[in-house]
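For reference, the structure discussed in these notes is given below.
None of the figures in this text is laboratory data; all of them are computed from the coordinates on show. This is a predicted model, so every value here is computed, not measured. With ideal geometry, Cβ positions are generated from the backbone for all residues, glycine too; neighbour counts draw on all protein chains shown.
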Amino acid sequence: MYPFFRPILFRSHPEVIHDKTISLLKWIGNSRFLFSVLGKLFRTSTDPIQLFGLTFPNRVGLAAGFDKKGEAIRGLESLGFGHIEIGTVTAQPQAGNPKPRIFRLVDDRALINSMGFPSPGAEAVVQNLRAGIPSKSVLGVNIGKNQATPLDQVEGDYIRLVEVFAGLADYIAVNISSPNTVGLRKLQSKIYLERLLKAIHTRRNELDKLSGKSTPVLVKLSPDLTDIELNEALDAILSAGMDGVIATNTTTDRTGLRSSSGTEGGGLSGAPLAELSTEMVKKITEWTGGSLPVIGVGGIMSVEDVSRKLEAGASLLQIYTGLVYKGPFFVRDLIKGIRG
Ligand SMILES: Cc1cc2nc3c(=O)[nH]c(=O)nc-3n(C[C@H](O)[C@H](O)[C@H](O)COP(=O)(O)O)c2cc1C
């Protein structure tokens with residue numbers, strides 16, 4: 001069905017369709033009847049996975065950026081996702097970059113986005129999470145700095161976000177790798193990263209002690225790091241006692257694209273990113289001796305792409321662009337494909 005509808009959907013601007021999809025998923029999530037009908041259609045059972053002290057119903061999750069405000073979590077659960085990462089959420093509300101800021105590269109099965117973290121701010125997201133029927137999927141909250149926050153003051157933003165979400169999220173993802181917030185990716189360098197992650201780790205431990213609940217913290221990395229940069233980032237991540245890594249965010253690389261929109265600025269996702277991000281998963285697994293669990297994300301468009309990420313060492317997977325091109329049955333197909 002989806003290959004038939006896709007060209008019709010693709011006639012409208014990507015962000016317009018995206019907003020409509022979120023509204024639809026929100027509606028589905030709030031209706032016990034629709035949730036149950038769609039759940040029967042889209043969901044499939046498989047052995048759960050234990051990781052970071054959490055139980056994931058399956059290996060396939062939704063990558064950050066799709067549900068930035070945390071308003072459609074239960075609707076997304078009905079599509080079969082084992083975990084859903086909302087955000088990126090910023091401490092204060094901000095509009096993000098001017099539109100248009102999402103482009104389809106149909107010939108490349110890719111997207112370019114320059115969203116720049118549009119976010120209603122932490123407090124509004126908390127209200128969204130408290131409203132509606134709770135979801136059974138594992139919930140990740142991806143956090144980032146406000147555009148206006150200077151790099152030498154980012155700790156304040158991230159600590160505030162950890163304080164707000166430690167009690168609500170099953171895990172927190174520290175985003176220091178989006179290419180659309182000026183200077184953000186510099187936080188991956190040793191001088192910034194060690195200080196930032198140690199501060200997050202200390203605060204997280206204090207909060208865990210108070211609540212008696214432990215909240216794993218993962219770090220999301222860019223696929224554009226050189227080997228030296230990746231090595232330094234991993235040192236900082238390990239020495240700060242982080243629980244895992246999400247590899248990877250979007251790339252600024254534009255090698256081999258065919259679509260005319262390939263020249264747009266921003267981060268590239270989808271098929272052209274697959275090899276680059278799988279290579280990162282492999283390096284991270286090898287260099288850390290498998291001691292740092294990896295969520296593999298980037299260019300998963302088929303079951304074969306999933307197999308490559310798992311072979312490279314990923315424990316869990318996330319998708320975004322694949323969902324746009326393959327439609328809602330894609331989640332179920334991937335889970336079935338992994339199960340064999
Ligand atoms: C429109 C769009 C918005 C995104 N926004 C975010 C974001 O806010 N935070 C983040 O960490 N990643 C964001 N991403 C990156 C995805 O989470 C993912 O890492 C990347 O798209 C690679 O996966 P894919 O090839 O399956 O799309 C975004 C991606 C897209 C396409």
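For this structure, a couple of remarks:
- Helical segments meeting 30 Å axial Cα length and Kyte-Doolittle -1.0 threshold in the chain (DSSP H): 190-211
- Prolate/oblate/rounded label for segment 15-96 (Cα gyration tensor, a/c 1.5): oblate
- Rounded is the label for the chain, because a/c, from the alpha-carbon gyration tensor with a ≥ b ≥ c as root eigenvalues, stays below 1.5.
- For Leu34, Leu54, Leu210, Leu193, order by how many other beta-carbon atoms lie within 10 Å, fewest first: Leu210, Leu34, Leu54, Leu193
- Taking other C-beta atoms within 10 Å as the exposure proxy, Ser31, Ser119 rank Ser31, Ser119 from fewest upward.
- The charge dipole of the chain, taken about its Cα centre with unit charges on the Cβ atoms of Lys, Arg (+1), Asp and Glu (-1) only, comes to about 1100 debye.
- Relative contact order of segment 188-239, defined on C-alpha pairs under 8 angstrom at six or more residues apart (%): 65
- When you restrict to C-alpha pairs under 8 Å that are six or more residues apart and normalise by the size of segment 20-89, the relative contact order lands at 38 percent.
- Based on Cα contacts under 8 Å between residues 6+ apart, the chain shows a relative contact order of 17 percent.
- Ranked by how many other beta carbons lie within 10 Å on average, peptides 18-24, 230-236 from highest: 230-236, 18-24
- Sparse packing (at most 10 other Cβ atoms within 10 Å of the Cβ) combined with a DSSP loop state is found for none of the GluC sites (Glu not before Pro) in segment 13-91.
- Fewest-first ranking of Ser277, Ser302, Ser137, using other Cβ atoms within 10 Å as the exposure measure: Ser302, Ser137, Ser277
- Net charge dipole, segment 218-340: roughly 620 debye, given to the nearest 20, about the Cα centre with Cβ charges of +1 for Lys and Arg and -1 for Asp and Glu.
- Global geometry of segment 157-288, whether rounded, prolate or oblate, following the gyration tensor of its Cα atoms and the 1.5 cut on a/c: prolate
- A Cβ-based charge dipole, computed about the Cα centre of segment 112-271 with Lys and Arg at +1 and Asp and Glu at -1, lands at about 340 debye.
- Reachable aspartates and glutamates from Lys282, criterion Cα separation under 18 angstrom, eight or more residues apart if same chain: Asp224, Asp227, Glu229, Glu232, Asp235, Asp243, Glu304, Asp305, Glu311
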